[in-house]
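Chemist: I have a structure I would like to understand better, so I am pasting it below and will then ask my questions one at a time.
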Amino acid sequence: MKRLGFALAALVLLALAIVWAAGRGLFAPAQHAGKAEGPALDPGVVRARAERVRSAAEDLGIARPKQVLFGDLHVHTTFSADAFQMSMPMAGGEGAHPVGDACDFARYCAGLDFWSINDHAETLTPRRWSETVESIRHCNAVAGPGDAPDVVAYLGWEWTQIGSTPANHYGHKNVILRDLDDDAIPARPIPAAPPDEVPSILSGGAGGTLLFGLLALSDIEGGGLDLARYFDETLEPQPCPSGVPVRELPLDCREQVATPRELFEKLDEWGHASIVIPHGTTWGMYTPPGSAWDKQLTPEQHDPQRQRLVEVFSGHGNSEEFRDWREVEIAADGSRSCPEPSAEFLPACWRAGEIIETRCLAAGEDAAECAQRAAQARQLHADADRNAGATVVGRSEPADWQDAGQCRDCFQPAFNYRPRSSVQYMLALGRGEAPNPLRFRFGFIASSDNHSARPGTGYKEVARSAFTESRFGRFVGTPLGGRQPEPFSEARAFDPGTVAPVFQLWETERGASFFLNGGMAAVHAEGRSREAIWDALQRREVYGTSGPHMLLWFDLLNPPGSRGTRLPMGSEVAMPAAPIFQVRAVGSFEQQPGCPDFATQALTPERLARLCRGECHHPSDQRRLVTRIEVVRIQPQRSADEPIAARIEDPWRVFACEPDPAGCVVTFSDESFAEAGRDSAYYVRAIEAPSPAVGADPLGCERDETGRCVRMQPCFGRPEDDDCLAPTEERAWSSPIYVDFQRAG
């Protein structure tokens with residue numbers, strides 16, 4: 001018996017050792033950044049692109065046009081945790097997509113002129129960061145001459161801050177670095193520190209290692225061992241000691257900061273050239289209901305020299321438009337309540353009450369009891385922190401929620417829209433008056449926010465399962481998704497101490513229908529070099545598109561003392577008289593199927609199929625029509641008590657365009673400017689004729705006579721080869737021109 005006991009103990013120890021080794025990732029290889037496999041493009045290909053832009057500009061009467069270059073400043077690889085998990089077999093993924101893939105995709109698939117890498121900083125260990133730097137350097141090294149490379153790759157990361165409440169939520173920001181020399185980049189990226197402690201199996205320690213090991217061994221074919229290796233390395237760096245200058249910190253620590261102020265301070269301490277770009281600001285998958293940008297309009301939380309651009313659109317949806325409804329009401333004392341529905345908006349908290357009431361009645365309870373339970377559910381949903389309101393009803397299906405929480409009349413909106421974090425809301429905020437008012441003055445870009453190393457996916461509306469993050473919804477039902485509760489007929493309060501995967505808290509399945517192929521950034525640059533593109537970004541002489549390579553110019557024609565000199569989009573000026581503007585827009589080229597010869601000759605058929613899915617940016621000679629120009633005017637607050645809705649005029653003017661493939665030219669003036677005596681921001685949208693796009697109708701709602709979404713055909717759950725196409729009006733957004741009122745004399 002004693003020998004049997006020793007044998008059993010030895011077996012238990014052996015089993016624990018195997019589980020521990022699996023949890024440490026000792027049974028799987030590390031993932032590497034890799035390098036681009038293809039050579040530079042033939043210079044003739046690059047010249048032909050530039051000639052097409054120059055010719056279109058001259059047809060519209062633009063003398064000596066700058067180069068219009070297209071890029072994507074928001075790209076993830078499987079070095080990012082969410083991207084890595086989506087790539088795994090257990091989530092239906094297609095395997096790792098390293099940094100080298102992004103370079104080849106930008107060059108051959110998307111036909112980009114520039115792009116940046118933006119993996120989540122908290123997962124960029126010293127090894128991954130070092131390999132990322134080297135891969136980006138290699139991408140640039142093979143790009144051709146420094147003054148005319150075929151593509152420019154920038155180094156960067158994402159500062160991924162997620163608050164548990166509106167008070168401590170600041171959101172996500174991309175940090176882009178100008179240079180690549182060792183003495184011009186930080187030794188480590190700077191991640192966001194969580195605002196509060198949230199229990200998680202990712203907290204490390206022996207217990208976490210054993211849990212990872214059990215998970216890894218329970219699904220070896222699904223990639224469990226690779227997952228354990230990934231997270232074991234991710235958790236290895238320890239927080240950097242506080243109060244130590246950045247250049248004296250250990251190379252292998254994690255340099256976390258909790259607020260934008262601290263991020264700007266760290267960047268200032270490093271002293272390197274960088275731009276900080278907020279993004280996904282209205283995306284309610286992680287943004288707590290009631291969040292607003294007011295708290296970031298302070299000299300501490302905003303750095304106008306670094307935070308010069310904002311992302312209005314991405315593969316995660318549109319963040320441009322303000323709407324004057326609330327997803328939750330928050331009183332001055334911090335208490336919350338659920339607003340009633342309107343013809344324009346169904347609050348998710350209100351729908352939670354309806355779900356509980358329906359279940360209660362189905363269980364045979366009387367109407368009064370069920371009405372009381374509905375009211376309780378509404379309040380519990382409104383009170384839930386960590387964006388976890390949907391959990392109060394227990395298990396639910398996407399159809400249960402109808403279109404609750406969504407902006408019904410926005411262009412391709414982000415999921416669970418947060419209007420007081422929209423770009424229009426930001427621009428309308430204002431504190432104080434001349435000569436030093438406090439305001440946000442952003443230039444506009446659009447991006448992909450792609451998580452499979454595919455920058456610039458918006459060039460064609462194809463390959464939804466590969467080019468979008470719709471596979472995010474597949475986490476539910478996998479070991480990563482956690483166990484789902486049963487449906488409740490009486491709501492239960494969310495417990496902030498609950499250990500629950502974010503895929504369960506954030507309505508992953510319903511949100512998966514809202515992913516798009518992504519947008520594009522464009523710059524008006526003096527040349528193709530890294531420095532020329534960077535200078536255009538700094539000048540805010542940039543615009544964004546919903547994906548197509550549209551051409552857009554927006555100028556102020558009569559700045560003071562100009563003598564014929566125009567001021568381009570992104571400019572700031574003070575003047576006493578009515579500003580006069582001109583817009584010139586040209587539609588994108590219709591796309592041909594397949595890939596151009598330079599791509600098929602540079603990449604193997606297998607790599608072309610895996611990266612580009614056999615479909616590249618392949619423009620024809622036929623341009624889409626621009627149907628109209630919309631002008632938005634925003635006159636910022638002078639004080640916090642001025643209602644935001646009254647400060648935003650969208651659209652302020654609309655101009656129909658003649659059906660001319662050569663483009664559209666519109667000239668207009670604000671004759672009321674001097675009389676109003678208010679500083680104003682003006683930007684334009686150039687709208688293309690309707691065309692099919694991935695995810696343009698994410699829920700496929702059929703509505704009753706009251707406008708309720710009573711039946712749905714959501715994009716999530718459709719077959720792999722169904723791209724969920726629906727008609728939309730692709731568009732380009734100019735950066736604003738900021739015109740301050742200057743009294744005559």
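One line per residue, one yes/no per condition, for (1) surrounded by fewer than 24 Cβ atoms within 10 Å (Cβ to Cβ); (2) aliphatic (A, V, I, L, M); (3) not in a helix (DSSP H, G or I):
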{"site": "Ala102", "(1), (2), (3)": "no, yes, no"}
{"site": "Phe105", "(1), (2), (3)": "no, no, no"}
{"site": "Val133", "(1), (2), (3)": "yes, yes, no"}
{"site": "Arg137", "(1), (2), (3)": "yes, no, no"}
{"site": "Asp147", "(1), (2), (3)": "yes, no, yes"}
{"site": "Glu158", "(1), (2), (3)": "no, no, yes"}
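Chemist: Further question: Within region 176-195, restricting attention to residues that are over 17 Å from Val152 (Cβ atoms) and touching a Ser or Thr at 6+ places or on another chain (Cβ under 8 Å), which residue is surrounded by the most Cβ atoms within 10 Å (Cβ to Cβ)?
Modeler: Filtering region 176-195 for residues that are over 17 Å from Val152 (Cβ atoms) and touching a Ser or Thr at 6+ places or on another chain (Cβ under 8 Å), the one surrounded by the most Cβ atoms within 10 Å (Cβ to Cβ) comes out as Ala192.
Let's see how each residue does on (1) without any contact (Cβ under 8 Å) to a residue 12 or more places away in the chain; (2) hydrophobic (A, V, I, L, M, F, W, C); (3) touching a helix residue (DSSP H, G or I) at 6+ places or on another chain (Cβ under 6 Å):
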position	(1), (2), (3)
Ala96	no, yes, no
Gly111	no, no, no
His138	no, no, no
Val142	no, yes, no
Gly146	no, no, no
Asp150	no, no, yes
Trp157	no, yes, yes
Ile176	no, yes, no
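Chemist: From the set of residues in region 221-235 that are in a loop (DSSP other than H, G, I, E, B) and surrounded by 14 or more Cβ atoms within 10 Å (Cβ to Cβ), which is modelled with the lowest pLDDT? Explain how you work it out, then say what you get.
Modeler: Filtering region 221-235 for residues in a loop (DSSP other than H, G, I, E, B) gives 221-223, 235.
Now narrow it down to the ones that are surrounded by 14 or more Cβ atoms within 10 Å (Cβ to Cβ): 222-223, 235.
Details: Gly222: 80, Gly223: 84, Leu235: 89.
Out of the qualifying residues, it is Gly222.
Chemist: Can we say Leu429 is under 28 Å from the mean Cα position of the chain (by Cα), more than 23 Å from Ala348 (Cβ to Cβ) and crowded, with 18+ Cβ neighbours inside 10 Å?
Modeler: Details: under 28 Å from the mean Cα position of the chain (by Cα): yes; more than 23 Å from Ala348 (Cβ to Cβ): yes; crowded, with 18+ Cβ neighbours inside 10 Å: yes.
Yes; evaluated as a whole, the condition is true for this residue.
Chemist: Please specify each residue of region 650-694 satisfying the condition of being under 30 Å from Tyr417 (Cα atoms), of a type in the set (Gly, Ala, Ser) and in contact with a helix residue (DSSP H, G or I) (Cβ under 7 Å, 6 or more places away or on another chain).
Modeler: Of everything in region 650-694, those that are under 30 Å from Tyr417 (Cα atoms), of a type in the set (Gly, Ala, Ser) and in contact with a helix residue (DSSP H, G or I) (Cβ under 7 Å, 6 or more places away or on another chain) turn out to be Ser680, Ala681.
Chemist: Looking at Pro719, Pro661, can you tell me which residue is farther than 16 Å from Arg628 by Cβ and assigned to a loop (DSSP other than H, G, I, E, B)?
Modeler: Checking each option against the conditions leaves just Pro719.
Chemist: Which numbered condition in (1) out of contact with any helix residue (DSSP H, G or I) (no Cβ under 9 Å at 6 or more places or on another chain); (2) within 22 Å of Ser314 (Cβ to Cβ) is the only one that Ala453 fails?
Modeler: The number of the failed condition is (1).
Chemist: Could you go through region 367-381 and let me know if any residue there is in a loop (DSSP other than H, G, I, E, B) and at pLDDT 95 or above.
Modeler: no
Chemist: Could you list all residues from region 259-285 that are surrounded by fewer than 24 Cβ atoms within 10 Å (Cβ to Cβ), within 20 Å of the chain's Cα centre (by Cα) and in a loop (DSSP other than H, G, I, E, B)?
Modeler: Thr259, Met285
Chemist: Here are some conditions: (1) among the polar types (S, T, N, Q); (2) in a loop (DSSP other than H, G, I, E, B); (3) more than 30 Å from Glu365 (Cβ to Cβ). Gln424 meets all but one. Which one does it not meet?
Modeler: Result: Gln424 fails condition (2) only.
Chemist: Restricting attention to region 335-361, which residues are part of a loop (DSSP other than H, G, I, E, B), surrounded by fewer than 19 Cβ atoms within 10 Å (Cβ to Cβ) and touching a residue at least 40 places away in the same chain (Cβ under 8 Å)?
Modeler: Ala343, Glu344, listed by residue number.
Chemist: Quick one: which residue in Gly111, Gly95 is modelled with pLDDT under 95, closer than 24 Å to His617 by Cβ and assigned to a loop (DSSP other than H, G, I, E, B)?
Modeler: Residue meeting the stated conditions: Gly95.
Chemist: Yes or no: region 26-34 includes at least one residue that is under 30 Å from Glu311 (Cα atoms) and surrounded by fewer than 19 Cβ atoms within 10 Å (Cβ to Cβ).
Modeler: Scanning region 26-34 turns up at least one residue that is under 30 Å from Glu311 (Cα atoms) and surrounded by fewer than 19 Cβ atoms within 10 Å (Cβ to Cβ).
Chemist: OK, next. Being free of Cβ contacts under 8 Å to residues at least 40 places away in the same chain and part of a strand (DSSP E or B) is the filter here; which residues of region 679-707 pass it?
Modeler: Result: Glu702, Arg703.
Chemist: From Val710, Val739, which residue is touching a residue at least 60 places away in the same chain (Cβ under 8 Å), in contact with a strand residue (DSSP E or B) (Cβ under 7 Å, 6 or more places away or on another chain) and either over 26 Å from Trp325 (Cα atoms) or in a loop (DSSP other than H, G, I, E, B) (or both)? Step through it out loud before you land on a result.
Modeler: On the way: Val710 fails: either over 26 Å from Trp325 (Cα atoms) or in a loop (DSSP other than H, G, I, E, B) (or both).
Every option except Val739 fails the conditions.
Chemist: Are any of the residues in region 137-158 in contact with a Ser or Thr (Cβ under 9 Å, 6 or more places away or on another chain) and more than 25 Å from Ser529 (Cβ to Cβ)?
Modeler: yes
Chemist: Something else: Filter region 298-339 for residues that are among the aromatic types (Phe, Trp, Tyr) and within 17 Å of Ile644 (Cβ to Cβ) and give the result.
Modeler: Phe322, Trp325
Chemist: When Glu541 is evaluated against the numbered criteria (1) within 23 Å of the chain's Cα centre (by Cα); (2) more than 23 Å from Ile277 (Cα to Cα), which criterion, by number, is the only one it fails?
Modeler: Every condition holds for Glu541 apart from (2).
Chemist: I would also like to ask the following. Regarding Arg539, is this residue touching a Gly at 6+ places or on another chain (Cβ under 6 Å) and either modelled with pLDDT of 95 or more or over 19 Å from Ala106 (Cα atoms) (or both)?
Modeler: For Arg539, the condition - touching a Gly at 6+ places or on another chain (Cβ under 6 Å) and either modelled with pLDDT of 95 or more or over 19 Å from Ala106 (Cα atoms) (or both) - is met.
Chemist: A further question on this structure: Search region 236-248 for residues being buried (at least 16 other Cβ atoms within 10 Å of the Cβ) and in contact (Cβ under 8 Å) with a residue 40 or more places away in the chain, and hand back the single one that is nearest to Ala187 (Cα to Cα).
Modeler: Among those that are buried (at least 16 other Cβ atoms within 10 Å of the Cβ) and in contact (Cβ under 8 Å) with a residue 40 or more places away in the chain, it is Val246.
Chemist: Would you mention how many residues in region 577-621 are part of a loop (DSSP other than H, G, I, E, B) and more than 23 Å from Pro98 (Cα to Cα)?
Modeler: So the count comes out to 10.
The values are calculated or read from the model by the stated rules, or taken from the named source; none is laboratory data. These numbers were taken from a predicted model, which means no experiment stands behind them. With ideal geometry, Cβ positions are generated from the backbone for all residues, glycine too; neighbour counts draw on all protein chains shown.
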